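Chemist: Below you'll find the structure I mean.
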Amino acid sequence: MMNCAQDLESFKLAHDLTLEIYKLTAEFVGEQRQGLGSKIRDRAEDINANLLAGSQLNSPELYKEAVNKSKILLGQLEYYLMLAKDLEYLEEQKHAGLQHRINQLNRILSGMKKAL
């Protein structure tokens, strides 16, 4: 088994990001929450689900695939958050904080990918 994802900085950062996203999207109303809010939450959840599932495998290649998938999901999350900001569902300052975390997580995942 690879390193348990729950012990990794990437998992902790992604989990904290997911918790923050849940708080922020709870402020969305009606269609905002059901549409874009749901997509944002799903992507955030799936990043960690992939990291955790990949860490349970006995294959560095499969773990690397899980990290790659998490990076793809992170890119989708980044776009959906930008869209939420541009539609004025999300304040500029809150978006900037989330973007900082996304950039940080992307760097960590890139490092993990190189190490595998």
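Here, each number is a calculation from the coordinates, and none is a lab measurement. The shown structure was predicted, so the numbers you read here are calculated from the model rather than taken from an experiment. In this analysis, Cβ positions are derived from the backbone assuming ideal geometry, glycine residues included, and neighbour counts consider all displayed protein chains.
Chemist: Residue check: is Leu87 among the aliphatic types (A, V, I, L, M) and surrounded by fewer than 13 Cβ atoms within 10 Å (Cβ to Cβ)?
Modeler: When the stated conditions are applied, Leu87 passes them.
Chemist: Mind listing whichever residues of the stretch 57-105 are within 24 Å of Ala115 (Cβ to Cβ) and not in a helix (DSSP H, G or I)?
Modeler: Within the stretch 57-105, Leu57, Asn58, Ser59 meet the criteria.
Chemist: If you scan the stretch 13-36, which residues turn out to be in contact with a Leu (Cβ under 9 Å, 6 or more places away or on another chain) and in a helix (DSSP H, G or I)? Write out each step before concluding.
Modeler: In the first step, residues of the stretch 13-36 are kept if they are in contact with a Leu (Cβ under 9 Å, 6 or more places away or on another chain); the result is 13-14, 17, 20-21, 24-25, 27-28, 32, 36.
Those that are in contact with a Leu (Cβ under 9 Å, 6 or more places away or on another chain) and in a helix (DSSP H, G or I): Leu13, Ala14, Leu17, Glu20, Ile21, Leu24, Thr25, Gln32, Leu36.
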